[in-house]
1. Starting from the eigenvalues of the Cα gyration tensor, five times each then square-rooted, give me the equivalent ellipsoid semi-axes of chain B, largest first, whole Å.
2. Counting partner chain Cβ atoms within 10 Å of every residue's Cβ in A:404-416, what's the average?
3. Which whole-number value in Å³ per residue fits the convex hull of the alpha carbons of segment B:219-372?
4. What pairs in B:184/B:616; B:72/B:357; B:450/B:555 have C-alpha atoms more than 32 Å from each other?
5. Could you work out Rg/(2.2 N^0.38 Å) for the protein assembly as shown, with Rg from alpha carbons only?
6. Quick check: pseudo-label points 7 Å beyond the Cα along Cα→Cβ at residue B:511 and residue B:254, how many nm apart are they?
7. From the mean inverse distance of alpha carbon pairs (Kirkwood) and the Cα radius of gyration, derive Rg over Rh for segment B:1-87.
8. Tell me which residues come under 5 Å, amide H to amide H, from residue A:64 once H is placed; ignore anything under 5 positions away on its chain.
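Just so it is clear, none of the values below were taken in a lab; they were calculated from the coordinates. No experiment lies behind these values; they were computed from the predicted model shown. Note that we place each Cβ from the backbone using ideal geometry, even for glycine, and neighbour counts take in every protein chain shown.
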Amino acid sequence: MNDTITAISTSLGVGAISIVRISGKDSIKIANSIFKGKDLTTVDSHTINYGHIVDNNEIIDEILVSVMKAPKTFTCEDVVEINCHGGIATTNKILELVLLNGARLAEPGEFTKRAFLNGRIDLVEAESVMDLIDAKTEQSRKLSINQLSGKLSQIIKNFRQQLLELLASIEVNIDYPEYEDIEVITNNNIKKEIANIKNELLNIINESENGKIIKTGIKVAIIGRPNVGKSSILNRFLDEEKAIVTDIAGTTRDIVEGQASIDGILFNFVDTAGIREAHDIVEKIGIEKSKREMDNADLVLLVVNNNEKLSDEDINLINLLPKKSIIVVNKNDLKQEIDLSDIEHDCVFVNTVQFNGIDPLKNKIKEMFNFEQLNRGDFTYLSNARQISLAKDAYNIIKDIELGIEENVPTDLIEIDIKRIWEKLGEILGETYSDELIDQLFTQFCLGK
Amino acid sequence: MNYDIIVVGGGHAGCEAALVGARTNHNTLLITSNKNNIADMPCNPSIGGPAKGIVVREIAALGGEMANNIDKSFLQMKMLNTKKGPAVRALRAQADKITYKKEMLKTLESEKNLTILEAMVEDLIIDNDVIKGVILENGDKISSKAVVLTTGTYLKGTVLYGSTKISSGPHDERPSKFLSDNLKKLGFRIKRLKTGTPPRIEKSSIDFSKAELQPGDDVEHFFSFYNENHYDVTKQIPCYLIYTTPVTHQIIRDNLDKSSMYGGYVEGVGPRYCPSIEDKIVRFSDKERHQLFLEPESIFYDDIYIQGFSTSMPHDIQEKMVHSLPGLENAVINKYAYAIEYDAIDSTQLKPTLETKIISGLYTAGQINGTSGYEEAACQGLMAGINAVLKLDGKEGLVLKRNEAYIGVLIDDLVTKGVIDPYRLLTSRAEYRLLLRHDNADLRLMDYGKSIGLISNTQYNKLTNKRKNINKLIKDLKEYLLNPNNENNQYLESINTPKIVVTTSLYDLLKRPEINIKDLNKFIDLSYDEDVLEQVNINVKYEGYIVKANKEAEKMAAYENIKIPDNIDYEQIHNIAKEAKQKLSEIRPTSIGQAMRISGVNPSDITMLMVYLKRKNNE
């Protein structure tokens, strides 16, 4: 962490302004060496300075540069942000100059990591910022920012406080068994308290799955026989919607054919091994592979032709369709030959000839993923896999507890599991172990010899 | 005079430490201000209870004396939390204070390597940060290779009631006035703590008909292991339960500023778990009444201890308070309640062996380390003694882990977190309390006791036998398969458990909550000792939970096993927060596990520390 790191910290090509961020002890020196304007090494901290980026006297761009000195910066190190005019070529050129002058390209999330390691932010915040950086659409930006505001932390903290009080009540029964005035906590009490948290936790987990959609988008696989118009449909999406062309490494493990944002939700059209190829995918890669692709997708679009009868291949594919799928009947401008009366899946009729030809499909998708709800915008979900998995752990422990209560396991053993939930929720917040429980015990009860 | 070990103080910590020295053939000297106060119980007349009772069992397993001694001197025995799970069961004894002292003195005097000296220690002899002995009040010097300080509440002890402040230990004993100043000069951080004790009432002046009887258990219990003695359960002495009245509360509220505490006469920090009655009434003002237990102190004198009524009010107010209690309208106070302040050292200046970091060969145990409670003191005395002799013998110290013993939890808390108010053990301080049970302390710890030489062969053979029997019985239960035939199912129904439909092992059957191991007598020979049956019953019934606890403990152990070298320089590690750096430099944890438990050290600091250690190891 002694070196100086840099990266383009805005999505390439999306906005009018791009920011090249530099962090580390040499960041001001490096920025100054490619800057024509004031001497950045002498300007006050937290100032914005007008000038030009130059490469051997050649002016690259007219820019504003923010100089922020340690420790009151995002990473707690010296930070410089060069606000340049968007455009991939210019931004890349500036990045290149910064790199040439001694900075190292930051790894994904490295700024946040430094902020975290320098004690600037806690774990939840770190993860949110990471999400914010990764955020590709307005929706997900909102989600990340909400999380930063501590709304999520507050909900989890409330759960923990509830559990802490329950734990203290149980512990006090154990440590002071002869105090008759203290309510004895029975498995039934626990069952009630826990049921409440269980339901709320389940809500959070479900909503978080939605949150995941907002953040990482919906993975769509388009499948179908050759020449049914799969690529035309894909291209329609990409043409009509704001196509996102960046391909920042590490954002997705899939090979993405294209990305489009529909009403602020990101759609990743994944390569199902050759949508664009003319070859028959079923024939070429076999049923197994297409099945796998379908299982991995959040949504499968099976394209068939309106003017043809369903072939055996079509029917094979229909039988393989997962729950979240739509049969896209293409070429609705041609005479209908297809018979869909025996098909239980959702079907929409589209064409790629007219400008709004695929609107029925878009509407169906919005309905399917409950866009209206997603767009309401009160996002307080867990938004990364680690948090969601911890919440699921906690949820499963609650189920263990319910089982234990069924089996009449003694309360003090049940309590061990309650403590584990409390710890899991604490892990979501990234809090350290502390004497919270002991403190709670003594503020909640009147004890002593 | 020249000794291997000098123990300063004859309380519960001092006795254990001295006995370890003597029993491991080290020439040991116990210095106390008054021989008659050895193993004195200046406060409550009981030993054991939740967590503490398990500590007494652990002391027994390691070869300490407290368990044996209380088994010889109890007035009543009670197993607490019997309606709860096995992990929290704990034994408590009401002690006869006189018998307890007498028996302990007898034990000490029977040790041939142990000398008892009545004197006051005022200073230590130190050469190059190594302990060389002690200096008495009269200037005499006694040399030794190790010193264990167990000074209790005597370091600058001050007794308080109302606005009265007297320099004294309990029982009007002389306090040690200079030792703590001398410790301060050596670099120990001295803190002031406070505790208190309730009034003692003349038994014949109490009308017990207004109180609720609290008898002992009607089955026999012992703290020591494999004890084959018997006692008459009907001859146990009862305790009584009463409640404070609105009048009591009014008297206290009206006179609050007369108490030492609220009048501002107290400097020390009092224990949260043992608040005075005035504290309780102020802090929990909505509570209409508080429970009080009337407990006998001995059969040789008539003092009744009012548990729950500790106070620092002046004597005239104490009279009024006592007389407001049901059954105590005409009570005679034999001894007034008082608060006591004393000096303690900062326990984070200790190594996990209880040796001080500053002076090699100097150990501290008990209230001087900021704890309170006889059991807490005794177990530290035992561990300090054990570690002193291990060091004298050139062996590695014994540090019990948090998943091995409550003693491990206590000492780790002391040296890692330090104390603000007097520290008491609670079950909630233990992460793995399902593993730290009353019933399995011997299985957990007796091997250590044996290796140190504090457990006799006879006793150890019993442990070996017990282990063998447990394993055999578990094996038999697993191997005995029950057919779902009519006869078997009829029996199962007769003991109120559902029929079986497939062949089922007795082991699996025992997992059913409603089945007791003794119900299986019909199928399998169960002529084992009770404690074997109990062990098997618990291990089978709670197997799932025990496995989980063990897994958690293993996770923690992985961190405990990442050792931090003694000579680490935290200034050299970048990116550790300043506060964490300071805490780490101060406490100097021996493992990552310990470092994680230091307050103010965050997960990110631990990450950086681990990265640093890894890099160092690779170099």
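1. 40, 35, 25
2. 6
3. In segment B:219-372, the Cα hull volume divided by residue count equals 193 Å³.
4. B:184/B:616; B:72/B:357
5. On the way: Rg = 36.4 Å, N = 1068, 2.2 N^0.38 = 31.1 Å.
Rg over 2.2 N^0.38 Å, computed on Cα atoms: 1.17.
6. A separation of 6.5 nm, rounded to one decimal place.
7. Working: Rg = 15.3 Å, Rh = 14.6 Å.
Taking Rg over the Kirkwood Rh, I get 1.05.
8. It is A:83, by chain and number.
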